[in-house]
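S.K.: A single structure is presented below for examination.
The values are calculated or read from the model by the stated rules, or taken from the named source; none is laboratory data. Every value quoted in this text rests on a predicted model; they were computed, and no experiment measured them. Note that we place each Cβ from the backbone using ideal geometry, even for glycine, and neighbour counts take in every protein chain shown.
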Amino acid sequence: MARFITALSVVLVAGAVCGVPAQAQTPVQTPAQRIVAVAQQELALNVHEIPMGSNRGARIRMYGLATQAPLRYYPAAWCAYFVSWVTKQAGVPIGWGGLGDGLVSRLRDWGHKTGLWQTVPAPGDLIAYPEHIGIVESIQPNGLVTTIEGNTGDAVRRRLRLVKGAMGFIRVAALANLEPILTAPEGPVYRTEPVTLTVRNAVASKSAIKSYRWDINGDGKWDHSTSTGEITLAFPENGNFTIRVQIVDSGGRSASTAINLTVVNRPGVVGSP
């Protein structure tokens, strides 16, 4: 019994630590703000091709390394490399498996299939065209946005773009929204009788969940991994048990939560307390 009480304490303490910034007086940037800030830092560095028109440059090559190995083509058109690197630095890596991508068409496909595709822009979004992609910096009047883009004019530059001129926008910041909700059926949990627990992401439409990890004995280790947010358990003894689950999305990000279950004998059934 002690191990379950200890496990519950660890979960609660971990939740408290994660939920409170180390320095309460320091504003915490949202994922969208981090994306814009990293892009602005690159803009300030005056990154450009050396020589112009070559798709080459030490920092441009670095952007390419933000994508998965089979796609590290260098030198090559590098607008997708740029957004892959920026989002990775901001903590919300893009593309399948969070591995980035060098092809705009694949990033558009990824945005559609993960539910991140938008028609109305917001700061931090990727702005997508048939063969080009950049980052929305700010929203301007009259259907305009400012963007920060790689491989535009052979450099990282700020542009003023028409919203209606883009194919659409990829809401990358939504990838960071992981909020697992773990539930059990209403009513008591009876000893030796199966009970099914389910977990879902509160923002599942914005982030594809790829796996679910379960700690079912309170030892702080993941005992099972499932591809769906459901697991069926039966408890051999009475007591209070803490079940913990971690959800992992397509970008490799994770979040966890726990539930405490009280297991008792079914009325009329004799069993050890």
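S.K.: Search region 117-135 for residues being part of a loop (DSSP other than H, G, I, E, B) and in contact with an Asp or Glu (Cβ under 9 Å, 6 or more places away or on another chain), and hand back the single one that is farthest from Gly95 (Cα to Cα).
M.R.: Pro123
S.K.: Test each condition in (1) assigned by TED's automatic domain parsing to the domain that holds Cys79; (2) of a type outside the set (Ser, Thr, Tyr); (3) within 23 Å of the chain's Cα centre (by Cα) for Val199 and report the one that comes out false.
M.R.: (1)
S.K.: Here is a follow-up. Working carefully through the options Ile94, Ile139, Ile50, Ile60, find the one that is over 20 Å from the mean Cα position of the chain (by Cα), under 22 Å from Gly168 (Cβ atoms) and of a type in the set (Val, Ile, Thr).
M.R.: Ile139
S.K.: From Thr198, Thr192, grab the single residue that is β-branched (Val, Ile, Thr) and either in contact with a Cys (Cβ under 7 Å, 6 or more places away or on another chain) or assigned to a loop (DSSP other than H, G, I, E, B) (or both).
M.R.: Thr192
S.K.: Please go through region 232-254 and pick out each residue that is modelled with pLDDT under 90 and surrounded by fewer than 18 Cβ atoms within 10 Å (Cβ to Cβ).
M.R.: Hits for region 232-254 are Val248, Gly252, Arg253, Ser254.
S.K.: If the requirement is being surrounded by 18 or more Cβ atoms within 10 Å (Cβ to Cβ) and without any contact (Cβ under 8 Å) to a residue 40 or more places away in the chain, which of these qualifies: Leu116, Leu107, Leu126, Leu99?
M.R.: Checking each option against the conditions leaves just Leu99.
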